[in-house]
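Chemist: Could you have a look at this structure, given as structure tokens, before my questions?
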Amino acid sequence: IAVPAMPAAPRVAPSEAQRVSTRATDAVPVQIAPPSTAKRAVRALAALSWSRILLWVWGFGIALVSIRQIVARVQLSRLSRRAVVADEKSNRRFERIVQEAEITRPVTLLVSEEVDVPLTWGMFNARVLLPKSYGEWEARRFDNVLHHEFAHVRRLDVFTALLADVACALYWYNPLAWMAATQMRVEREIACDEAVLAAGAKASDYASDLLDLAINVR
């Protein structure tokens, strides 16, 4: 007995809603960061930008201060090259005061017409630079000036001044660093003046010498 074939079920096209549902299911899900996380990311980026700007400003300030310090040292080096050695009589007196001041490092006495006041620099090979007018000084003034400059050499003031310069370069934005460096310079000069008086100079004579030197500064 032949079994009649069952008619095939008719194909029904999926509705629009079903097609939309299928597409939504197949799509890759997109993760959206919570608003709080996005804000934190923006703030971190802004902080990074500001830190970079501040770092550049700090480095620029260090460069400016360092350039000024380097220029000053180059000028001293040029003065040294153009200066002349003091005459034999002055050098003999110079050597005597070196021994009195108990200076063990090499020290050279130079004379220059480009300066008005005595200068001292050099950490290992110290140099004392006198103005050309030193030839008009009395022996007392010559001794007092050298005792003052030798106190700088003995105290290693060149080294402490270098440390102060480095601190000012690193902390140029802090007025306390500049105030400390200025006060250090004042105290340094006071200590050297006290060394002159300790060497036997009369206070009134030494005060007169300092006043005359200050008046003669151009």
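The values are calculated or read from the model by the stated rules, or taken from the named source; none is laboratory data. Since the structure is predicted, the reported quantities are computational estimates derived from the model, not experimental observations. All Cβ positions, glycine included, derive from the backbone under ideal geometry; neighbour counts span all protein chains shown. These area figures cover heavy atoms from the full protein model, side chains too; ligands, DNA and RNA do not enter into them. Shrake-Rupley method; radii C 1.70, N 1.55, O 1.52, S 1.80 Å.
Chemist: Which of the peptides 64-75, 142-153, 167-178 is most tightly packed, and how do the rest follow, judged by the mean count of other Cβ atoms within 10 Å per residue? Numbers along the way, then the final one.
Modeler: On the way: 64-75: 12.6, 142-153: 23.1, 167-178: 14.8.
In descending order of packing, they fall as 142-153, 167-178, 64-75.
Chemist: Ignoring any ligand, DNA or RNA, what whole percent of the accessible area of segment 57-117 comes from carbon and sulfur when the probe is 1.4 angstrom? Write out the running numbers ahead of the final one.
Modeler: Working: 2380 of 4110 Å².
Within segment 57-117, the accessible surface is 58 percent carbon and sulfur.
Chemist: May I ask you to evaluate 6.51 cos²θ - 1.76 cosθ + 1.60, the Karplus curve with θ = phi - 60°, for each residue of segment 53-65 and list the ³J(HN,Hα) values in order in whole Hz, giving x for glycine and proline?
Modeler: 5, 5, 5, 5, 5, 4, x, 5, x, 4, 4, 4, 5
Chemist: Between residue 214 and residue 52, what is 0.36 nm times their sequence separation minus the Cα-Cα distance? Round to one decimal in nm. If you can, show how the numbers build up before the last one.
Modeler: Values: separation 162, 0.36 × 162 = 58.32 nm, distance 4.72 nm.
Taking residue 214 through residue 52 to full extension adds about 53.6 nm, to one decimal.
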